[in-house]
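What follows is calculated from the coordinates using simple rules that are stated; it is not laboratory data. Only a predicted model underlies this, so the values are computations on that prediction, with no experimental measurement involved. Using ideal geometry, Cβ is built from the backbone for each residue, glycine included, and neighbour counts are taken over all protein chains shown.
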Amino acid sequence: MGKGNTLAGKKTPTRQCIGCGDKKDKKELIRVIKTPEGEITVDFTGKKNGRGAYICNSTECLKQAVKKKSLERSLKTPIPKDIYQELEKEMIKGES
């Protein structure tokens, strides 16, 4: 069969974390999107329309992404500090 994990014959999509570069199942990652209107938001459903970038649910990956500016590069726009703060808050909540 093809790449990716299979579950009852269906492939589970994998995405690459912009922080650490590891490939993981799409559902394990947090999606940050740039909407067609240019707004940057965190998409917890994974279904919102827009250009997306994925990051692990880890503050270490977030620190790496901020340092390398990989979120800005992926979404092709500057990222407001409140988005980074929202991500960090969700990650801390998820880690505890």
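Pairs of Cα atoms nearer than 8 Å and 6+ residues apart set the relative contact order; for the chain it is 24 percent.
Given their separation in residues at 0.36 nm each and the Cα-Cα distance between them, CYS20 and ARG73 gain 17.6 nm when the chain is fully extended.
Against the chain, whose longest principal axis is taken from its Cα atoms, helix 59-68 shows a tilt of about 60°. With a simple spin-label model that places each label point 7 Å from the Cα along the Cα-to-Cβ direction, the separation between LYS10 and THR59 comes to 3.5 nm.
Quick one: of the DSSP bridges fully inside the chain, what percent are antiparallel, nearest 5? In the chain, approximately 95 percent of DSSP beta bridges are antiparallel ones.
Taking Cα centre as origin and charging only the Cβ of basic (Lys, Arg, +1) and acidic (Asp, Glu, -1) residues, the dipole magnitude of the stretch 14-95 rounds to 340 debye.
Annotation: the residues ILE83, ILE33, ILE18, sorted from fewest to most other C-beta atoms within 10 Å of their own C-beta, follow the order ILE83, ILE33, ILE18. In the elastic network of the chain, a GNM with C-alpha springs shorter than 10 Å, the most mobile of GLU72, GLU37, GLU28 is GLU37. The modelled label-to-label distance for the pair LYS89/VAL42, using points 7 Å beyond Cα in the direction of Cβ, is 0.8 nm.
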